[in-house]
Amino acid sequence: MDYVVPGLLALLLVEVVVASSWWRPYFTRGLRLYRHAVSSTRAPSQMVNLEELAAHFRGRLGPSLVFRQLDPGEVAFRGVVFELKLFNCTPVMRGLLRVVPGSLEVVVEGSANWFPLALSLIAVIFVWSRPMAWPILVFLGVLVADIGAVQAKTHREIGQVVAHGGGLR
């Protein structure tokens, strides 16, 4: 148990570095928590303008989003790493936006971030050894589910915006 806090801090640091460097496998692989497909009315070449898309999702209640093209038809996105706001939260998911080749379909996927996943696992282990602490686990579960639901709503909106206009070319 002596290594839990340093281990979590190291994992947080590694995740910040990996996410900030836009390492492709970090965004394209992982534990999928969300997937939503949207039929588009636009040609794939007209879909994504990253600056307008980022502007569309800036200044909201939660963290602002940043977008980066990984490959043609594939855009990664995540919350801004260091942003001072009145209300902010630790994102549960990072995102990947795919324009399906040969079709007018946009797919938005959300994968679990490493830090909240590790923190949740440690909370389960802690409660397992101390049954009287189960309310903490319930509280954390509700908190993570709530943050995940807000992020899923944002992911869904990203798919709609890209597929039907607004924040696009």
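The values are calculated or read from the model by the stated rules, or taken from the named source; none is laboratory data. Bear in mind that the values here come from a model prediction, so they are computed numbers and not experimental data. Cβ coordinates were reconstructed from backbone atoms using ideal geometry, including for glycine residues, and neighbour counts include every protein chain displayed.
Laid out as a table, the results:
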| read-out | value |
| --- | --- |
| All positions within the stretch 100-131 that are modelled with pLDDT of 85 or more and either closer than 21 Å to residue 42 by Cα or more than 14 Å from the chain's Cα centre (by Cα) (or both) | 105, 106, 107, 108, 109, 118 |
| Some residue of the stretch 160-169 being surrounded by 17 or more Cβ atoms within 10 Å (Cβ to Cβ) and free of Cβ contacts under 8 Å to residues at least 24 places away in the same chain | no |
| Test: residue in the stretch 109-117 that is among the aliphatic types (A, V, I, L, M), part of a helix (DSSP H, G or I) and on the phi < 0 side of the Ramachandran plot | yes |
| Any pair with Cβ under 8 angstrom, 6 or more apart, that starts in the stretch 19-34 at a residue that is over 20 Å from residue 81 (Cα atoms) and in contact (Cβ under 8 Å) with a residue 40 or more places away in the chain and ends at one that is among the small types (Gly, Ala, Ser) and part of a helix (DSSP H, G or I) | 33/148; 33/152; 34/148; 34/152 |
| Considering residues of the stretch 40-64 that are surrounded by fewer than 17 Cβ atoms within 10 Å (Cβ to Cβ) and charged (D, E, K, R) only, the residue modelled with the lowest pLDDT | 60 |
